[in-house]
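Asks: For reference, the structure I am asking about is given below.
Throughout, read-outs are computed from the coordinates displayed, never taken from laboratory work. What you are looking at is a predicted structure, and each value in this text was computed from that prediction instead of being measured. Here the Cβ positions follow ideal geometry from the backbone for every residue, glycine too, while neighbour counts run over all protein chains shown.
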Amino acid sequence: MKFVKILALVLSVCMLGSMLLACDKGGDTEETEAAESVSISVNLIIKDGSTTVDEDTVKYEGKNPTLGNVIELYCVGEYEDYADDAFDTATGLLSKIGDLTATGGKNWVAYYEQEGESKAFASIQNQILADGQTVVLVLK
């Protein structure tokens, strides 16, 4: 009799566990659908070393307000010939903006103006932005 009770308890725990594992709340699809289109303005300051090359406000409308998308939008408006070449397709790194190219050991660094270069972004392309932020892009 004791064996049957233990067996029933084990079976009920197994059924409960499989039910919990099989339960799919659909979290991925709900999050994707919940992503709303945003409209933001971002101030870009582009520098070659310590020299400021350009300052511009970019208005972005879309679902993914990343710095990469804002840079590409900026390049389309300012440098139509270079719009598709901003990011290296193999590495995903920012390679050029207009005539400023990351070659010969030079790299792009990006950070919020108010936070300073010591808090540079780990990923320029994937950095999420909010309305009214000022981003400094420096070719060093």
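Asks: Note down the magnitude of the dipole of the chain about its Cα centre, charges +1 on Lys and Arg C-beta and -1 on Asp and Glu C-beta and zero elsewhere, to the nearest 20 debye.
Replies: 1200
Asks: Does the stretch 56-136 come out rounded, prolate or oblate, given a ≥ b ≥ c as the square roots of the eigenvalues of its C-alpha gyration tensor, rounded meaning a/c under 1.5 and, failing that, prolate meaning a/b above b/c?
Replies: oblate
Asks: Helix 67-78 sits at what angle to the longest principal axis of the chain, using alpha carbons and giving 0 to 90 degrees rounded to 10?
Replies: Helix 67-78 and the main axis of the chain meet at about 30 degrees.
Asks: If each of Asp99 and Lys5 carries a label point 7 Å out from its Cα toward its Cβ, how far apart are those two points in nm?
Replies: Reported label-point gap for Asp99 and Lys5 is 8.8 nm.
Asks: In nm, to one decimal, how far is the Val109 label point from the Ile128 one, both placed 7 Å along Cα→Cβ?
Replies: In this crude spin-label approximation the distance works out to 2.6 nm.
Asks: Now for a different question. For the chain, what ratio Rg/Rh do Cα atoms give with a Kirkwood hydrodynamic radius?
Replies: Result: Rg/Rh = 1.35.
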